[in-house]
1. Tell me, which residues of region A:240-269 get at least 20 Å² less accessible area when the other protein chains come in, versus the chain alone (1.4 Å probe)?
2. Name the residues of region A:192-230 whose accessible area, probed at 1.4 Å, falls by at least 50 Å² once all protein chains are in place instead of their chain on its own?
3. In degrees, nearest 10, range 0 to 90: what is the angle between the Cα axis of helix A:200-209 and the longest Cα principal axis of chain A?
4. May I ask you to rank B:D169, B:D188, A:D127 by accessible area, largest first, using a 1.4 Å probe over the protein chains only?
5. PRE reach from B:E259 (point 7 Å along Cα→Cβ): which of region A:345-386 fall under 13 Å by backbone N?
6. Skipping prolines and chain starts, which residues have an amide H placed within reach, meaning under 5 Å, of the one on A:R390, given they are 5 or more residues away or on another chain?
7. If the cut-off is 16 Å between C-alpha atoms, which aspartates and glutamates fall inside it for A:K509, apart from same-chain ones fewer than 8 positions away?
8. Using θ = phi - 60° and the Karplus relation 6.51 cos²θ - 1.76 cosθ + 1.60, list the HN-Hα couplings for region A:215-231 in order, rounded to whole Hz, with x at every Gly or Pro.
Amino acid sequence: MEFSVLIGGEAGLGAFSMELELTDILSRLNYYFFATKNYMSRVRGGHNFHMIRIADHSVHALTGGSWDMIVALDEETEIRHRVHLYDKGLYLSPTLIGEVAREAREEFHDVTVSNTILVGVILAIIDVDTERLAAVTESNKLKYLRRGFKYAGQWEMAGIFPIPSKAGCHYIFDGNKAIALGSLLGGCQFMAGYPMTPATSIMHYFATAAMSLPAHFEQAEDEISAINMALGASYAGVRSMVATAGGGFALMQEAVSLAGMTETPIVIVVGQRPGPATGLPTRTEQGDLNLVLYAGHGEFPRIVFAPGTIGEAIDVTRKSFELADRYQIPVFVLTDQYFADSVQLMEEDLPVSVPAREYGIFDRAYQRYALMETGISPLTFPGLFDAMVRVDSDEHDESGTITEDLDLRIRMVDKRLGKMTLLKKDAIPPTFYGDSEAGTILISWGSNRLIVEEAVDKLVAERIEASALHFGQVYPLSNDMIAPYQLESKTIICVENNGGAQFACLLKKEFGLHATHNILKYNGECFTVEEIYSRVKLLLSPEVEE
Amino acid sequence: MIKKTDITWCPGCGNYAIRDVLEKVLHELPIPRKDIAFTSGIGQAAKMPQYLEVNYFNGLHGRSLPLAVGIKLARPDLTVVSYSGDGCLYGEGGNHFIHAIRRRLDLTIITSDNQIYGLTKGQSSPTTDFGVKNALDPRGNENIPLNPLSLAINMGAPFVARGYAGDKDHLGGIIREAILFKGTAVVDILQPCVSFNNINTYQWYHKRVFKVDNTPADRYEAMKLAEQWGDKIPIGIIYRDDKAECRELAKIFREPLTEADIREHLAMKCVMMR
Ligand SMILES: Cc1ncc(C[n+]2csc(CCOP(=O)(O)OP(=O)(O)O)c2C)c(N)n1
Ligand code: SF4
């Protein structure tokens, strides 16, 4: 059982606050839901819409297709979305909503409560029990919600789409909160940043958390400064990170290379949005994989994660700090606007332990770049013991002093690149979903994971053989990661939110694997289940030949 | 120990004198060497930390200050000095220079100002005088030079000084005061470049520099002094405000995040616990 609702209106009309109010109450009532938004890069006006899917089972994607209900706060919503209303769907027109607002002014002397009243209407439609509602809401809000129930009764909408609340104890997260929390769990105590959608809310979360935790957020004058500050803090002994979007990351590239050369641990979160240049600032895309894979001049190792679920986002971000330290490299968490702004439930427990940062005790003989059997030089920080910590952006000798000794250069390059072997051994394997015998496999990375998995369910329900493989780590890739799946013998469909099939190209480069088909989308919006399902179906139907 | 023969500066370069001064000052300071961290960018001057007994992070061209800011924020217990050339600090890193001062941190920012790009062999820097000819400005520099001292005062730096590599004792006093000063201290050092700047030579500076005996307490007076350039060039502490307050910094390094912190955080913050 499911119910999907779209709330649309120009920025400032309250569609966003309705989403927040509704999802907050749904969470309190233990409802399964998924909420995401589509908004313009402006503070007032334009057209924004918020999409909420409520169900009696766990949901983590937009279904696509038609809406069960549309709340049109303005005419634009009517024009754009009404055609997508399910034929027995419910429609709240701008006129009707105007009525509600007028009555709210009369009855409560406050028009702004009309949004809460509309939330009440939605709750009545899914047949929320008013007593349970009363138990979980603040009393001052309750009367407005109750007014909504009354309207629903009047309009004969109450209980039309009854949904039982079946979720257990859970957290609600959007992708950015998951990443920010993951960073704290990874022991990150320093973040520097310059605001840029869709990464800004990671900074907000971290800065707020730092008010009461031993952590610091610094707003830098630009992204170049932000990453160099983070490298300074990391050198000084504190686990550090930056978060930005593709454009800001482009500015950071020289310092990524600096991290590579100086072997300074750092975690870099890149939230993708459509480019090039400023592109579509508030929309989504997976167009920066290549940027992140190849960012920074010169050759040095790196890890790139691309989490597909809230749990995975928390885990890989947390792990990033450990790996950045262990291998003294930059580690990336690659995400996107869709994941950043989508609100999801997580029922699993959160890991709450914070691994302590390890560093050695050294005397004056310490050499920051000592060539070791293990391939990893010992890491320590200035001012703790007698060791002097000297790090250099120029090629350097073991002590960290500039060198132009070209034989030593070879050994230093070998040392840095030698870490790749270790990184591959540590790589997180992809997640397989479905029947391993299925002849078709849908490959995805990053935020598409759960959309693809639901599409697979839908295909399988129609006896179309399909399975899914999701890469939460996109670099480095190793043969061990794909060995269990006999990909050579399967129809591979690579699903990506970009125009250039960047991950498919990487698979080809790394494994010589050729994707049979690519499903790409690059209009700035995320995929829906319906979309992937129908495109796969079309691709697999016998008439289609490539 | 650093052998003089390993140093890559040209014979006669003003940086040698500055290095001697720095070694002496660092030796005399009541701060253990292990607690001193230098950052630098790229250029001839930026090699300075390599030739000193200190911790250092020799970073990218223009980026010595963000590194210094990051180190200080993470570790207020360290004495942090950013060292670079005029091209590095005022050109490539000009934005950082402006904003690092605004952060009100206890940092020392020292520049070997040779009014030229040394390492890249003689192009105009932000402090090159108007009309000076060189390889990339064959018709003469068309730009007005940047005045680091008045800019620093304008941005709110509470300690602003100019030293001269040709007067070691005087320079030593300034650097010592700057490092001990609680707050952002900016020291621009006139540094003759014998290879690429044949205008601002030792003789040229010798004829012009004069010592400031009384540091103005008034910011606008200091600004006037800072603006002096040409026939008479003031050296010494141009502005000093001992009342300016530094920013309070949280202890983070000595207090790593713990499980208890996370539990408390989850109970009270944005993440909804149910
Ligand atoms: C991003 C970047 N751009 C350009 C350079 C080349 N470069 C190195 S040092 C330098 C200028 C040096 O001038 P200055 O900072 O005044 O130092 P000096 O060598 O004169 O001491 C330049 C342009 C570089 N290393 N990095
Ligand atoms: S080029 Fe100029 S600044 Fe550089 S070492 Fe030679 S003399 Fe000194």
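The values are calculated or read from the model by the stated rules, or taken from the named source; none is laboratory data. Only a predicted model underlies this, so the values are computations on that prediction, with no experimental measurement involved. Backbone-built Cβ (ideal geometry, glycine too); neighbour counts: all protein chains shown. The protein model used for the area step is the full one, side chains on, heavy atoms only, and it has no ligands, DNA or RNA in it. Shrake-Rupley method; radii C 1.70, N 1.55, O 1.52, S 1.80 Å.
1. In region A:240-269, residues shielded by partner chains: A:E254, A:L258.
2. Flagged in region A:192-230: A:Y205, A:L213, A:P214, A:H216, A:E218, A:E221, A:N228, A:M229.
3. The angle comes out at about 80 degrees.
4. Working: B:D169 130, B:D188 0, A:D127 90 Å².
Order by accessible area, largest first: B:D169, A:D127, B:D188.
5. Counting only backbone N, you get A:351-356.
6. Distant-sequence amide H within range of A:R390: A:R368, B:Y56.
7. Leaving aside aspartates and glutamates fewer than 8 places away in the same chain, those within reach of A:K509 are A:D480, A:E488.
8. 8, 9, 10, 10, 7, 8, 6, 6, 5, 4, 5, 3, 6, 5, 4, 4, 5
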